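Reading through the structure tokens given below for one structure.
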Amino acid sequence: MNNIILRAEKINKHFMAEGIFGAARYKVNALVDASVEVKKGEILALVGESGSGKTTLARIISGLEKQDSGAVLLDRKIPDYKNPDERRKVQYVFQDTYYSLNPRMKIKAVLAEPLKVHFGLKKEKLNEKINKMLQSVGLGADAMEKYPHELSGGQRQRVGIARALSVNPELLIADEPVSSLDVSVQAQILKLLSDLNETTKISIIFITHDLRVVKSLADTVAVMNRGEIVEYGVVEEVYANPRSEYTKTLLGAVKG
């Protein structure tokens with residue numbers, strides 16, 4: 001129990017959608033009693049097709065959205081994300097590798113920003129820290145003076161991961177971090193996340209629609225469909241003996 005750092009309990013969320021041709025607005029249930037937990041050093045995969053609710057759940061966990069009901073507990077208490085010390089405990093890596101970085105800022109400035117805000121680092125110590133951050137994600141010091149558009153998609157995603165890790169979070173949320181990358185680059189980013197998890201013991205929520213990448217990366221998996229978690233368990237057990245018909249369909253597509 002003590003090694004559980006994150007628990008989401010019966011999270012519900014709905015949105016109001018516009019009807020077509022003047023029809024009345026109607027309620028869409030984005031999440032229905034969704035519950036997950038993440039242990040220290042664990043990688044939890046949230047899997048589902050587009051619209052399944054996985055990103056909504058992750059954004060609620062990170063404080064980017066507010067749930068209608070239910071609770072998010074970080075270190076066994078409700079986090080106050082307005083507090084910088086609480087805010088840095090959960091960091092988000094976005095899917096879009098270009099627009100998640102300010103196109104007008106060099107990579108050095110992108111990485112310096114959170115270090116200044118959270119730790120007040122300046123000049124020499126700041127440059128030293130940025131160099132170490134780039135090295136930790138497999139980038140050289142030459143990346144510091146480049147703008148986002150001068151980097152490849154894989155390199156931008158490495159910068160995004162470095163920025164998230166710079167404040168020493170307890171939990172990293174990676175939202176479809178490889179979906180827009182070439183297959184060979186996907187493998188590199190997945191290995192990077194796996195290596196970081198192994199060396200730093202950071203907990204990770206990995207969001208994906210592709211079950212193929214889950215087996216080699218995650219410890220546990222939550223399969224989502226229409227806002228509900230329809231399968232939840234240890235990855236090997238879910239692969240070997242899926243109970244949900246939806247999970248069986250996803251696995252069938254992978255094996256096929």
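The values are calculated or read from the model by the stated rules, or taken from the named source; none is laboratory data. No experiment lies behind these values; they were computed from the predicted model shown. A quick note on method: Cβ atoms are made from the backbone with ideal geometry, for glycine too, and the neighbour counts reach across all protein chains shown.
For the range 125-173, name all the residues that are part of a loop (DSSP other than H, G, I, E, B), loosely packed, with under 15 Cβ neighbours inside 10 Å and in contact (Cβ under 8 Å) with a residue 24 or more places away in the chain. Spell out the reasoning first.
Restricting attention to the range 125-173, the residues satisfying the condition of being part of a loop (DSSP other than H, G, I, E, B) are 137-140, 146-147, 151-152, 166-170.
Now restrict to residues that are loosely packed, with under 15 Cβ neighbours inside 10 Å: 140, 152, 168.
Those that are part of a loop (DSSP other than H, G, I, E, B), loosely packed, with under 15 Cβ neighbours inside 10 Å and in contact (Cβ under 8 Å) with a residue 24 or more places away in the chain: 152, 168.
Of the residues screened, residue 101 is not one that is at pLDDT 95 or above, of a type outside the set (Ser, Thr, Tyr) and either buried (at least 19 other Cβ atoms within 10 Å of the Cβ) or in contact with a strand residue (DSSP E or B) (Cβ under 8 Å, 6 or more places away or on another chain) (or both).
Of the helices (runs of 4 or more DSSP H) lying entirely inside the range 9-120, those containing at least 2 residues that are within 17 Å of the chain's Cα centre (by Cα), closer than 22 Å to residue 246 by Cβ and touching a residue at least 40 places away in the same chain (Cβ under 8 Å) span 54-61. Quick one: is residue 27 over 21 Å from residue 161 (Cα atoms) and touching a His at 6+ places or on another chain (Cβ under 6 Å)? In short, yes.
Residues that are at pLDDT 95 or above and touching a Phe, Trp or Tyr at 6+ places or on another chain (Cβ under 8 Å) number at least 3 in the following strands (runs of 3 or more DSSP E) confined to the range 177-254: 220-225.
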